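Peer 1: Shown below is the structure under consideration.
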Amino acid sequence: MIKRVLSILILGVVLVTGTHALHAQASEPPVVSIFFNEACKDCGELVKETYPSLFEEYGYQLELHDYINERSNRALLTQVNEDWNIPFELQSHIEAFVSDKLLIGGHVPLDTIRYLLEHPDEYDRLLVYQDKMHGEETEYSVWDFSSEVKTYQIEEPITTYLQEVSALQPTIKTSRGFWGLFALITSSAFLDGLNPCAFAVLLFFIGFLFTIKKTRAKIWKMGLVYIGAIYLAYLLIGLGIAQAIIISGAPHLMAKVGAYLVIALGIIQLLGVAFPSFPIKLRIPLDTKATLEKWMYKATLPASFVGGFLVGLCTFPCSGGIYVAIIGMLTAQSTAVQGTFWMLWYNLIFVSPLFILLLLASNNKTTEKLQTWEHSESVRIKLAIGGFMIVLGATILIFFT
C-alpha cells in the first residue's frame, strides 16, 4: 500500500515537472540571431541600441554573435549562410536572421523591417539587403529565394516587391501544388452543391412538370435552363465578392476572414440540426418561396431561367460560406486570370449534383422517390456540409494563408 502511494506521488511529480518544462519551452520567445563586427561603429550602434528596442517590441529575443573577435562565430555564420543558401553577393557585413523566415542584411530602413515583422503571412522566406553605410544608402535589394533579386530605390515600400512577386507566381502557393488546390476546390464545390435548398426546388419543379404532362425532352430543356441560371447567378456573386476583396486592398486579411466565416457558418449549421429551435437558419428566406413558386408554375423556358436565377441568389445563405472562403483564398494567392478560371471550375462542379439529379429524375415515380429521399436525408446532408465547412476553414487557415 505504501509503495503504491509512493509510486503515485512520484508519477505526479514527474507529470507536473514535465508539464512545467513543456510550458516553459512553449513560452520561449522567437529568436533573432545577429552576426556583426564589434569593431564597426555603425554596426555596434545598430546592434546595441536600435535592434534591441525594435525586436523586443515584437516579442523577439536577440542572440548576438561577434564574428571578428570570436573565431567560432565565423564558422557558425558560414554554416548558417550555407543552410539558407545565401549567395556570396547577398551576404552582408551584418546579418539578422529572424526565426526561419526573414534575413535582414546590412542597414535596412526600419519601416521596412517593421512591415515585414507585422505581416509575416505575406511571404514564405525573404532576404532584404542594403549593405552601404554612412548615409550613402540609395537603394536596397529583395529576394524570396525562388524568383529574381529585385532592386528598388530606398524610399520604395517593400509592398511593391511583395505584390510583384505575388503577381508573377505561376500557380497558387506552388509549394502546395496544382493538384492539391484542385482537390480542395473540387471537393468544396461538390459538397457546396449538395444543397438541400436547390435540391428541393428542382425536385418540386420536375414533379410539377410531370403533373402537367410535359414531355421528357421538355423537362430536360427546362431543367438545364434552370441549372444554367443557378450557375450564372453563383458565378456573378463570386465575381462581385472577389472584386470587392481586391478593391479593399487586404486580400490576405479577407482570406482569413472568409476562413473564420465558413467555420462560424459550419457551427451554425450544426447547431441548427442539433437544436431545431435555434434562431439562425441557413436556408432560403421564407418570404421568397412564394416568388419562386410563382415563376416555376409558369413552366416556360424564360420562367425556368428566372426561377433558377432566383434560386441561385436565395440559396447563397444556405451554404455560401464555403464559396466565400474559397474566393477569399483565391484572391489572396492568385492572379486575376487564375482566380477567374478556378471560379468557373468551382461553379461547374457546384451545379454538377443538380445535373445528376436531373438525370436520375427521368420519370415521375423516380422523382417521387427522390423527393422522399431528399426529405429523409436532409439532416445528414446538413450535418456533412456543416462539418466540412469547419474542416475547410481550418485547412485554409493552416495551409493557404
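Bear in mind these aren't lab numbers, they're just calculated from the coordinates by the rules spelled out. Source: prediction; values computed, not measured. Neighbour counts are summed over all protein chains in view; Cβ atoms, including those assigned to glycine, are modelled from backbone coordinates with ideal geometry.
Peer 1: Only bridges whose two residues both fall in segment 28-168 count here: according to DSSP, what percent of them are antiparallel, nearest 5?
Peer 2: Restricted to segment 28-168, the bridges split so that about 60 percent are antiparallel.
Peer 1: Moving to a separate point now. FRET efficiency for K132 and Q61, Cβ-Cβ distance as r, R0 = 35 Å, nearest 0.05?
Peer 2: The computed FRET efficiency comes out at 0.80.
Peer 1: Could the peptides 349-356, 146-153 be put in order, highest first, of the mean number of other beta-carbon atoms found within 10 Å of their residues?
Peer 2: 349-356, 146-153
Peer 1: Now a separate question. If R₀ is 51 angstrom, what is the calculated FRET efficiency for the pair S53 and S378, using the beta carbon separation as r and rounding to 0.05?
Peer 2: In this case the efficiency is close to 0.30.
Peer 1: Order of 65-77, 227-239 by packing, highest average Cβ count within 10 Å first?
Peer 2: Top of the packing list down: 227-239, 65-77.
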